[in-house]
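Quick note: the coordinates plus some simple rules give every number you see, no bench work behind them. Note that the structure is predicted; figures quoted are calculated from it, not measured. Cβ placement follows ideal geometry from the backbone for every residue including glycine, while neighbour counts extend to all protein chains displayed.
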Amino acid sequence: MKNSSTDIIIIGAGISGLAAGCYAQMNGYRTQIFEMHNLPGGLCTAWNRKGYIFDGCIHYLFGSGKGQPFYEMWEELGAVQGRQFVHHDELIRVSEPEGKTLIVYSDPKRLEEHLKELSPADSGLITSFCKGIRAFTRFDMSLLQQKPKALMGIGDWWWLSGRLLPFLAPMAKWGRISAEDFAKRFRDPFLRRAIPQMFAWKDIPVMVGMSLLAYMHNQNAGFPVGASLEFARSIEKRYLELGGKVYYNSQVERVLIKNHTAIGVRLYNNEEYRSDRVISACDGRGTIFSLLGGEYVDEEMKMLYDGYFPIHSQLQVSLGVNRDLSGEPHWVTYLLDQPVIIAGEERREISVKNYCFDSSLAPAGKSVLIVMLNTSYDYWQRIYGRKIYNTEQIQESGILIDLLEKFYPGIKADIEYTDVATPMSYERYTGNWQGSSCGWLLTKDTMWMMISGIPKTLPKLDNFYMIGQWVEPGGSVPVVAMSGRNIIQQICHEDDRNFVVTIP
Ligand SMILES: Cc1cc2nc3c(=O)[nH]c(=O)nc-3n(C[C@H](O)[C@H](O)[C@H](O)COP(=O)(O)OP(=O)(O)OC[C@H]3O[C@@H](n4cnc5c(N)ncnc54)[C@H](O)[C@@H]3O)c2cc1C
């Protein structure tokens with residue numbers, strides 16, 4: 001038993017855990033973070049291979065624009081000071097082979113003109129879609145997280161409703177339709193095929209995609225130069241400077257409980273650490289059913305974990321390319337004329353990201369390309385640990401590279417490094433259920449959870465809290481950081497302390 005006499009133990013040094021640690025230290029609590037990996041950041045990560053940095057996370061970070069929603073929180077966490085962001089004026093391109101290209105401009109005016117050029121027959125629909133994007137440019141998403149839901153009284157809900165009032169109509173209209181269903185309303189066959197590829201997944205509510213375009217247009221959804229791990233490291237630095245302690249390679253096996261009160265944690269190496277409170281900032285399912293042995297679950301929790309799904313699992317093939325691709329667009333989804341089978345599923349499109357917009361990620365004159373696909377977790381899980389798992393990774397990346405030849409002729413000969421991350425890689429390195437990248441799958445049917453939230457405490461268990469992407473549906477780096485901020489605000493309230501923040 002380690003007699004650490006700590007106020008708060010935090011499980012996981014992902015963004016939510018690091019943020020909770022920073023705010024706790026700002027408020028005079030002594031904290032320790034236990035992290036199973038040897039790095040901070042969790043899902044917010046990148047990896048260095050032979051001089052190339054492959055980013056595994058942030059495409060767009062809300063809060064990258066000074067004075068805009070979420071920015072102040074990043075300042076408190078020391079994550080934006082001196083940091084450059086790349087703000088793109090287009091989200092993605094969707095291209096037919098030797099045919100049309102949809103350029104998803106973030107500027108609603110430009111997008112409207114472009115879409116109408118592509119399909120004058122869909123003019124009415126396009127006008128209404130772009131009007132929706134304009135409405136969301138004024139939408140402050142951080143309002144939904146500004147105060148811990150547990151502390152919200154009737155007055156706070158009234159205040160929130162008042163602030164949300166102007167957006168209720170667009171939210172009702174665009175929150176209830178998926179990108180895939182929206183596409184079916186178009187007359188133009190190319191747009192019917194291209195629209196579902198505009199955002200991260202086909203069943204995403206259109207409202208979520210619109211908000212992203214709106215934030216991009218406001219220059220508040222940029223890419224942090226230096227990539228996601230560098231970004232996470234700046235929050236780790238802030239935490240350490242505030243006096244926090246992180247223990248890496250320290251996987252928590254069990255939360256210690258006495259008289260239905262959390263009193264510390266036990267690691268896999270059998271070391272035990274005591275604290276007044278425990279915050280779990282890691283996988284929700286693992287926390288409830290493994291770290292707590294399934295003893296503190298009510299019907300609501302059971303329904304959640306039995307009835308809802310994590311976001312689609314991901315396959316990421318990262319390529320170090322000995323060629324300067326800076327003249328090429330930064331993100332294109334290519335619609336294929338012939339479907340191909342990859343990882344057991346028929347694919348009609350592939351999505352390729354070109355990271356030349358950040359010159360720090362590849363040696364001079366070289367480039368990083370990343371191909372991303374949704375993939376079946378079960379497919380990879382079945383073969384994991386067997387020889388075929390490695391063979392399969394080589395085979396699937398080979399098929400993708402052959403496909404790339406068509407769009408970047410001669411590229412095969414220029415590829416000098418290939419790295420494959422499957423859902424098993426995400427699961428192994430972060431412990432997330434099915435390697436989930438954002439927690440729950442957000443669809444028009446689960447959107448309500450984003451607003452109402454998921455409880456951060458468990459029935460009949462005292463001094464224990466949960467934060468991060470499994471209790472903040474939709475996940476994302478700013479929302480989970482806010483989750484860490486909110487829990488400390490709640491703990492300060494429990495202890496009759498004023499919640500304070502500082503900016504370094
Ligand atoms: C490919 C990809 C793209 C993304 N794109 C974006 C984007 O563009 N913008 C955006 O805002 N967000 C994006 N996200 C989502 C975002 O990264 C996550 O929602 C967020 O980082 C989750 O943070 P977290 O702290 O909740 O959890 P995690 O990052 O999962 O952190 C949990 C930590 O706990 C540790 N841990 C787990 N179990 C234990 C244990 N038993 N003991 C000790 N430690 C443990 C893990 O190792 C991990 O470090 C993306 C994610 C991915 C993977």
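Just a few scattered comments:
- Centroid-to-centroid separation of region 59-83 and region 195-247 [C-alpha atoms, Å]: 10 Å
- Peptides 254-261, 203-210, 422-429, 63-70 ordered by average Cβ neighbours within 10 Å, highest first: 203-210, 422-429, 63-70, 254-261
- Per-residue extension of 0.36 nm, minus the Cα-Cα distance of Ser290 and Ser376, leaves a gain of 28.6 nm for this segment.
- Unit charges on C-beta of K, R, D, E only; dipole of the chain, Debye: 360 debye
- Sorted fewest first by neighbouring Cβ atoms within 10 angstrom, Cys130, Cys22 come out as Cys130, Cys22.
- Which of Glu253, Glu98 has the fewest Cβ neighbours within 10 Å, and the rest in rising order: Glu98, Glu253
- Relative contact order (%) - the chain, alpha-carbon pairs under 8 angstrom, separation at least six: 24 percent
- Other residues with beta-carbon under 15 Å from the beta-carbon of Asp445 carry, at +1 per Lys or Arg and -1 per Asp or Glu, a net charge of 0.
- Of the DSSP H helices in the chain, those whose Cα atoms cover at least 18 Å axially and whose Kyte score averages 0.5 or more: 123-136
- Selected from Ile350, Thr6, Leu160, residue furthest toward positive end of dipole (the chain; charges at beta carbon): Leu160
- Normalised by the number of residues in region 313-430, the average gap of Cα pairs under 8 Å and 6 or more apart makes the relative contact order 37 percent.
- Region 231-318, relative contact order [Cα under 8 Å, separation at least 6], %: 17 percent
- Checking the cross-link pairs Lys131/Lys202; Lys202/Lys387; Lys100/Lys131; Lys202/Lys353 against a 27 Å limit on the alpha carbon distance flags Lys202/Lys387 as lying beyond it.
- Within region 51-86, backbone nitrogen closer than 19 Å to the virtual label 7 Å beyond the Cα of Val501 toward Cβ: 61-83
- Antiparallel DSSP beta bridges within the chain, as percent of all bridges there, nearest 5: 70 percent
- Listed from fewest to most Cβ neighbours within 10 Å, the set Leu164, Leu125 follows the order Leu164, Leu125.
- Cβ-defined net charge surrounding Phe190, 11 Å radius [Lys, Arg +1; Asp, Glu -1]: +1
- Under 15 Å from Lys456, Cα to Cα: aspartates and glutamates that are on another chain or at least 8 residues apart: Asp283, Asp298, Glu300, Glu472, Glu494
- Cβ charges +1 (Lys, Arg) and -1 (Asp, Glu), total dipole of region 313-430, debye: 240 debye
- In order along region 358-371, the phi-based Karplus estimate (6.51 cos²θ - 1.76 cosθ + 1.60, θ = phi - 60°) of 3J(HN,Hα) comes to 10, 5, 7, 8, 8, x, 3, x, 10, 9, 10, 10, 10, 9 Hz; Gly and Pro are listed as x.
- Placing a pseudo-label 7 Å from each Cα along the Cα-to-Cβ vector at Ser161 and Gln84 gives an inter-label distance of 4.8 nm.
- For the residue pairs Lys66/Lys109; Lys116/Lys412; Lys258/Lys302, alpha carbon separations beyond 28 Å are given by Lys116/Lys412.
- Remark: region 312-365 carries a charge dipole of roughly 80 debye about the Cα centre, counting +1 on each Lys and Arg Cβ and -1 on each Asp and Glu Cβ.
- Inter-label distance, Ala413 to Arg185: 4.9 nm, where each label sits 7 Å from its Cα along the C-beta direction.
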